[in-house]
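The values are calculated or read from the model by the stated rules, or taken from the named source; none is laboratory data. Everything numeric in this text was worked out from a predicted model, so none of it was measured. Backbone-built Cβ (ideal geometry, glycine too); neighbour counts: all protein chains shown. These area figures cover heavy atoms from the full protein model, side chains too; ligands, DNA and RNA do not enter into them. Shrake-Rupley method; radii C 1.70, N 1.55, O 1.52, S 1.80 Å.
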Amino acid sequence: MATATGAKRERRRRRLGQEGEVEELVDRISHLPDGILGDIVSFLPSKDGARTQVLSSRWRPIWRSAPLNLDLIGLDFTGKRLRAGDVSRILSAHQGPGRRFCTGYALYDRGDGSAALDRWLQSSALDKLQELKFHRGVSSQHPPPPLPASVDRFSSTLRAASIGGCSFPEGNGVSPLQLPLLKQLSLLDVRISETSLYALLAACPALQSLLLTSIMGCSRVQIVSPNLRSIGLRHGCTNTDLQELIIEDAPCLERLICYENHLGKIATVSVISAPKLHVFAPLFRRSLGEIDGSIQFGMTVFQRFGILSLTMVVHSVKVLALTQRDLCLDMVINFLKCFPCLEKLYIKTTGGSREKNTWCRKYKDLIGTIEIRLKKIVLAYYRGNTSHVNFAKFFVLNARMLQSMRLELIALNPSSAWIERQHGLIQIKDKASRDAQFDFVATDSYNRFQTFDAFAEQVHDLSTADPFVKFHDWA
């Protein structure tokens, strides 16, 4: 009886297994309505979206009728680099509408790049475009070409725009673009006057994030915006580039990220009113004492290694990211005085160790008067030398709320003996915070320069309150 019951169970198990295998072979995705399949395809990378045409006859027409997501930067369909004619053929074969169109200057016709870009933007395949990104290229001998007039036709649909390598027309205070739905704007290598820039920002009432990189023809920009939540700024390489950024009134501003150019130049930054500023990142690889410019919060001015005047503290800033050629404890402590509620500190060093960072006597009186509220510290390119050890030890012994310290090493797979020795040097056994965790992490790269796309993501991605969670991914 028991044997018969067992055989019956075995037959039932095999039958269910066969049914499960059949179930796995059922193509449920292809049975979805065309509209849903089109949305799926439109979110795929351009090459992958086009490849769905070979799946079956059911999928063949989907890509051509789905909202177009065409990213031409580095795109290759045939094993050869795309040319301007290839782009025109892709657009003419697509029924539209458009969701996203991104192109770089390498695809433009040599003779008349403006005409090629203008033809593409007028294509019906890009009707109702939501995201636009283009760069016309940069020439030191000629002024950049004018902004394509056809961009204006996306006024009622555009949500994100990255415009590069062109010049905006001089106007009478009226922007050539009216973009009421635009939330993200990047301007790269563009020539625009101060008046035209003000008019453009006023024509984007829903704007939440703004990135200005190598802006020519405008010496300063003054921000008065009720909606802006994030601003990124990178200085250009000429004397006509943007020299000063003034945050006059930005009640919703949450993050401010400032980057130097490859020559070490920065713009002077003044923050007058930004009560919700949560993230501040002066990413200058050189020390403030080696560059022109300053950082000012109210009447508090940072210049060189100190504070010229401390008349205002900013309690809203919780995240601070710095790049320094030489790790400097003095500079960090000055920031702590200005930002007393700081919770996360990210630092990346790019040079040697000229600063010894000795502090026992120097800050003996300070330690009893300043409350360090840091919970997380990330120190990238930790070398384990005297300078870095002294810096880390200061926070090990004095940060009572510290939860984690991450020490990222340069292309080094440390031995357990080396890590144990570092634990002793930074005096982990005497840590001020009982719950603090310490991690030594080996990295396999030493990136000195951040790509524009990575910088843009830090500025525009507002889905996280901390844009530096993936600290090792930026330089």
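Ordered by solvent-accessible area of protein heavy atoms (1.4 Å probe), largest first, the residues ARG83, ARG234, ARG255, ARG434 come out as ARG434, ARG83, ARG234, ARG255. Other residues lying with their Cβ under 12 Å from the Cβ of CYS204 contribute a combined charge of +2, Lys and Arg counting +1, Asp and Glu -1. Couplings 3J(HN,Hα) for the stretch 225-235, derived from phi with the Karplus relation 6.51 cos²θ - 1.76 cosθ + 1.60 (θ = phi - 60°), are 8, x, 10, 4, 10, 8, 9, x, 9, 10, 6 Hz, where x marks Gly and Pro. Legend: residues ILE370, ILE377, sorted from most to least accessible area (1.4 Å probe; ligands, DNA and RNA excluded), read ILE370, ILE377. Our coupling estimate for the stretch 340-345, obtained by passing each phi through the Karplus curve with A = 6.51, B = -1.76, C = 1.60 and θ = phi - 60°, is x, 9, 4, 10, 10, 10 Hz, Gly and Pro reported as x.
Computed from phi, the 3J(HN,Hα) profile of the stretch 200-207 under the Karplus parametrisation 6.51, -1.76, 1.60 (θ = phi - 60°) reads 5, 5, 5, 7, 10, x, 9, 4 Hz, with x in place of Gly and Pro. Proximity of backbone amide H atoms, modeled 1.01 Å from N, is registered between ASP71 and SER46, CYS102 at under 5 Å, excluding neighbours fewer than 5 places apart on the same chain. With every protein chain in place and a 1.4 angstrom probe, the accessible-area ranking of LYS429, LYS376, largest first, reads LYS429, LYS376. Here's how it looks for LEU211: its modeled amide H is under 5 Å from those of LEU185, SER186, LEU187, GLY232, which are all 5 or more places away or on a different chain. Once backbone amide H atoms are built at 1.01 Å from N, CYS218 has ILE192, LEU242 as its partners under 5 Å, excluding neighbours fewer than 5 places away on the same chain.
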